[in-house]
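K.L.:
I am attaching a structure below and will ask some questions about it afterwards.
The values are calculated or read from the model by the stated rules, or taken from the named source; none is laboratory data. What you see is a predicted model, and the numbers here were worked out from it, not measured in a lab. Cβ: placed from backbone, ideal geometry, glycine included. Neighbour counts: every protein chain shown. All accessible areas refer to the heavy atoms of the entire protein, side chains included, with ligands and DNA or RNA removed. Shrake-Rupley method; radii C 1.70, N 1.55, O 1.52, S 1.80 Å.
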Amino acid sequence: QVQLVESGGGLVQAGASLRLSCAVSGITINNYRMGWFRQAPGKGRQFVIAIDLSGSYRYYGDFEKGRFTISRDNFKNLVTLQINRLKPEDTAVYYCAATSSSGDIRTIDAYDYWGQGTQVTVSP
């Protein structure tokens, strides 16, 4: 059974940083490109950032450059998302996902597996 388990979310003040983790089991992530999405209350799921198989290339969503950083450890089957300079509008559930597709990595439909998400709440 494939599981993606996100952790590291919580309640933080604006300007802080958070590091989210995604622990994967049931698949070997070195065969998957990995991505992070987020979903704010009342809104659709939004692409944040993704990383290629080896970790040498990133795909960025429409955000201020440098605020979101993704990394992967294929030995540990782990993916992380670093979020800097958090803003209240970053409040959302953050999801980790894995894709074996060569299609558009920014689209939800490209992904084979999803985690349950971790809540990030940013207070003003």
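K.L.:
Mind listing which chymotrypsin sites (Phe, Trp or Tyr not before Pro) in region 37-112 are in a DSSP loop and have 12 or fewer other Cβ atoms within 10 Å? Don't skip to the end; give the middle numbers.
P.N.:
Values: sites: 37, 47, 57, 59, 60, 63, 68, 75, 94, 95, 111; in loops: 57, 63, 75, 111.
Here the sparse-neighbourhood loop sites are 57, 75.
K.L.:
From the gyration tensor of the Cα coordinates in region 62-124, what semi-axes in whole Å does the equivalent ellipsoid have, largest first, with each one equal to sqrt(5λ)? Mind showing how you got there, number by number?
P.N.:
On the way: eigenvalues 102, 40, 33 Å².
With the √(5λ) rule applied to region 62-124, the semi-axes are 23, 14, 13 Å.
K.L.:
Something else now. Starting from region 15-124, pick out the trypsin sites (Lys or Arg not before Pro) whose DSSP state is loop and whose Cβ has at most 13 other Cβ atoms within 10 Å.
P.N.:
Details: sites: 19, 33, 38, 43, 45, 58, 65, 67, 72, 76, 85, 106; in loops: 43, 65, 67, 76, 85, 106.
Here the sparse-neighbourhood loop sites are 43, 65, 76, 85.
K.L.:
Once you charge only the Cβ atoms, +1 for Lys and Arg and -1 for Asp and Glu, what is the size of the charge dipole of the chain about its Cα centre, to the nearest 20 debye? Write down the numbers at each step before the final one.
P.N.:
On the way: 13 positive and 10 negative charges, 54 e Å.
My answer is approximately 260 debye.
K.L.:
Using a 1.4 angstrom probe with every protein chain in place, what is the largest-first accessible-area order of 123, 7?
P.N.:
7, 123
K.L.:
Which whole-number percent is the relative contact order of region 25-124 (Cα, under 8 Å, 6+ apart)? Intermediate values should be presented prior to the final figure.
P.N.:
Details: 197 pairs, mean separation 28.5, N = 100.
Rounded, it is 28 percent for region 25-124.
K.L.:
If you take the C-alpha gyration tensor of region 6-71, multiply each eigenvalue by 5 and take the square root, what semi-axes do you get, largest first, in whole Å? Can you show the working numbers first?
P.N.:
On the way: eigenvalues 93, 44, 35 Å².
The three semi-axes for region 6-71 are 22, 15, 13 Å.
K.L.:
Next question. If you roll a 1.4 Å probe over the chain with all protein chains in place, what percent of the accessible area is carbon or sulfur?
P.N.:
47 percent
K.L.:
Additional query: Per residue, how much accessible surface does region 29-124 expose to a 1.4 Å probe? Answer in Å², no decimals. Could you put the intermediate results ahead of the total?
P.N.:
Values: 4820 Å² over 96 residues.
Value for region 29-124: 50 Å² per residue.
K.L.:
Leaving out ligands, DNA and RNA but keeping every protein chain, what accessible area does residue 28 have, in Å² rounded to the nearest 10, with a 1.4 Å probe?
P.N.:
About 70 Å², rounded to the nearest 10.
K.L.:
For the chain, just the Cα atoms, rotate onto the principal axes and tell me the three extents in Å, largest first.
P.N.:
40, 27, 24
K.L.:
Return the whole-Å distance between the Cα centroid of region 55-109 and the Cα centroid of region 1-31.
P.N.:
If we compute the Cα centre of each part, the gap is 10 Å.
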